[in-house]
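All remarks here apply to the structure that follows.
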Amino acid sequence: MTGVWPPWKGHRVLDASGASGRQSVSRLAIAGLVLLQAVAFGTQSVLIALSQKPWGGFAYDPSSAVVFTEVVKLVVALSSVVLNGQQRLLALHPVAELPGPGGPSRSTSSGDGGLLGVLQRSLVYALPAVLYVVHNNLIFVAHVYLSAPMYQLLSNLKIIAAGVIFRFILRRQLLVIQWMALLQLAAGLACSGFDDSAAGPALAGGRTRGPSAALVSSWHVGFLLVLLLAICSALAVVYSELLMKTSDLPVQVVSTWLHLYGVVASTMAYLATRQPGRSLLDGFTWLVWTLVLANGVLGFVVSFTFRHGGNSVKLYGASLAVPMTCAVSGPLLGQYSGSGFWLGYVQAICALCLFYGDQRMLCSIDADVVAGSAGGGLEQEEAECPKMV
């Protein structure tokens, strides 16, 4: 891997939609991306909760489900590479070193070492792949301690982890209002711990409504698990973005190597945690296979919406995923959220608006926003309200 760490010595200014040089899309397209992202997040939690035993735990090995999920992702990524005719790029040579179409061949780097050289160059994708595998396994464990809606709400810890890591590792500057948003988000998520519906099925059976020592312990364990997987996710995203920025390779090629190492890492995790006498497919039902396929496809859906949707999709998608999960979890799982949950959710929404919102709108006059004629007001305030960085 070439390039200077970090590659962003300054800061990148984002436009009002959160995109840097991204073409504008219609409101209908944005609405579709928002709905797609919300369904992607909510479906995963509901399917995991449905696949659990009534008293908690899983009849199948979650690590084996992660293995098959990585296989699905690898097949999808490799198929995309083949369909786009990018097979030669899997050798991980810089694009400038490959033969041009219809032209003379340009020499590749000397001493590439054949297959051994390719494997050596691909090792940079092993670390984010391992982080993603740890993240995916922790999701199953967290659902044992948290209800599906509570997991979705606490998943906003990823925003805090990503904000901190992007600031101190990639040196992307944050506005003061964004730091205040992260603090408010942390406070809102802490308020959710007082909800009496926080526990997952392992600790929810047979308890009465109201706070209890077991319930508080369940939320704290789940909180720590989600925090850990949020850190893994943020680190993996930062490292993957760095690889894409410095390799000049298509996203499909990078994804193929990431998921290839993901298959290797998840298989090793399965072998390390496998119970004696239990096979790879023990306990698998149609619901588990649906979860595997959904997780495999939803990974690309979330990646697509983040790449093309900008900050507006992140804001509204994350906001809509929580009530959608609540609406489904009630009738299907019997998991209903209490006042503490909704108090935390309202604070999280306000924090997301401050963190992802259009800085010009946040600095505009309320009457202009309500009237829908904020053009003049926004332009007047733009000089006083710095752009998102």
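A short reminder: the numbers here are calculations on the coordinates, not readings from a lab. Being a predicted model, the structure only gives us computed values, none of them experimental. A quick note on method: Cβ atoms are made from the backbone with ideal geometry, for glycine too, and the neighbour counts reach across all protein chains shown.
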Practice item. Provide the packing ranking of 363-370, 60-67, i.e. peptides ordered by the mean count of other C-beta atoms within 10 Å per residue, highest first. Key: 60-67, 363-370
Practice item. Filter the trypsin sites (Lys or Arg not before Pro) in the stretch 226-301 to those in DSSP coil with at most 16 other Cβ atoms within 10 Å of their Cβ, and list the result. Key: R274, R278
Point to revise | Average projected area [Cα convex hull, the stretch 114-162], square nanometres | key: 4.4
